[in-house]
Amino acid sequence: MKKLFFAAVCAFMSMSAMAQVTCSIDDFTIAQGGKQNVAFVLNNGDSKFSAFQFDLKLPAGVTVESVYDEDEEEDVFSVALASDRANGHGLRLAKVDATTYRFVCFSSENKNLKGSEGALVNMTLVAAADAAMGDAEGAIVDAKFTPKSGTSVTFDKVPFKVTISEATAIKTVKAGVDANAPAYNLAGQKVNSGFKGVVIQNGKKMVK
């Protein structure tokens, strides 16, 4: 009976801890061929964690921005721990497949993360120019937050909405032609409107 009671108490405490801990990524819109800064948010209340990991599942055509480092021979991703939450922690990111990334954060000194709420990881996402427009689902999958001792808090799946919008058109603005702009002959001498021959006006050659 005592063992059963103890197990029930532990289960209740675990549920209470999970109730005050939440992780999320806000719904966001990203244009085809564009970029969007996104934050992975952890609200941990009174709970303290020294490490965490999660998989980030993105819609097809949306990726974490990266640059290939030739010296290290690996991709360097545009992700970082929020400066007000990091406490000497390291963050590692690996691409699992075409749409999934694995984040792992740890402290070699087993220190707790700072703070109790707000952005934990900041990242830049990129949409392909041909990404399918419309609403799609992204998700935080298999998130695990680990304290120095005790039971970890886990989340199987936390979804968020990604809206891929049409690329913003960029129109070229053509400079107007000034008929009264100064004109020069091929020797670079300024000429008047009565000059006959080849002149340079508004940056272009023409015959008068």
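The values are calculated or read from the model by the stated rules, or taken from the named source; none is laboratory data. Keep in mind that this is a model prediction, so the values were computed, not measured. All Cβ positions, even for glycine, are placed from backbone atoms using ideal geometry, and neighbour counts span all protein chains on display.
How many residues, within the range 67-121, are among the β-branched types (Val, Ile, Thr) and surrounded by 14 or more Cβ atoms within 10 Å (Cβ to Cβ)? Before the answer, list the steps.
Let us first name the residues in the range 67-121 that are among the β-branched types (Val, Ile, Thr), namely 67, 76, 79, 96, 99-100, 104, 121.
Checking the rest, the ones that are also surrounded by 14 or more Cβ atoms within 10 Å (Cβ to Cβ) come to 79, 99-100, 104, 121.
Within the range 67-121, residues that are among the β-branched types (Val, Ile, Thr) and surrounded by 14 or more Cβ atoms within 10 Å (Cβ to Cβ) number 5.
One line per residue, one yes/no per condition, for (1) modelled with pLDDT under 95; (2) within 21 Å of Ala98 (Cα to Cα); (3) surrounded by fewer than 20 Cβ atoms within 10 Å (Cβ to Cβ); (4) out of contact with any strand residue (DSSP E or B) (no Cβ under 6 Å at 6 or more places or on another chain):
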| site | (1), (2), (3), (4) |
| --- | --- |
| Phe12 | yes, no, yes, yes |
| Met15 | yes, no, yes, yes |
| Ala31 | no, yes, yes, no |
| Gly34 | no, yes, yes, no |
| Ala39 | no, yes, yes, no |
| Asn43 | no, no, yes, no |
| Phe49 | no, no, no, no |
| Leu56 | no, yes, no, no |
| Ala60 | no, yes, yes, yes |
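Restricting to the range 20-66, name every residue that is of a type in the set (Gly, Ala, Ser), outside any strand (DSSP E or B) and under 16 Å from the mean Cα position of the chain (by Cα).
First pass over the range 20-66, keeping only residues of a type in the set (Gly, Ala, Ser): 24, 31, 33-34, 39, 45, 47, 50-51, 60-61, 66.
After this cut, where a residue has to be outside any strand (DSSP E or B) as well, the list is 33-34, 45, 47, 50, 60-61.
Hits for the range 20-66 are Gly33, Gly34, Ala60, Gly61.
Among the residues of the range 125-137, which ones are touching a Gly at 6+ places or on another chain (Cβ under 6 Å) and outside any loop (DSSP other than H, G, I, E, B)? Lay out the reasoning, then the answer.
Start the filter on the range 125-137 by keeping residues that are touching a Gly at 6+ places or on another chain (Cβ under 6 Å), which leaves 127-129, 131.
Answer for the range 125-137, where residues must be touching a Gly at 6+ places or on another chain (Cβ under 6 Å) and outside any loop (DSSP other than H, G, I, E, B): just Ala127.
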Residue under evaluation Ala175, criteria (1) in a strand (DSSP E or B); (2) at pLDDT below 90, criterion not met: (1)
Filter result (more than 16 Å from the chain's Cα centre (by Cα), in a strand (DSSP E or B) and among the aliphatic types (A, V, I, L, M)) within the range 67-124: Val96, Val104
Any hit, the range 62-73, residues being modelled with pLDDT under 95 and under 19 Å from Ala143 (Cα atoms): no
Residue in the range 138-146 that is in a loop (DSSP other than H, G, I, E, B) and assigned by TED's automatic domain parsing to the domain that holds Asn37 present: no
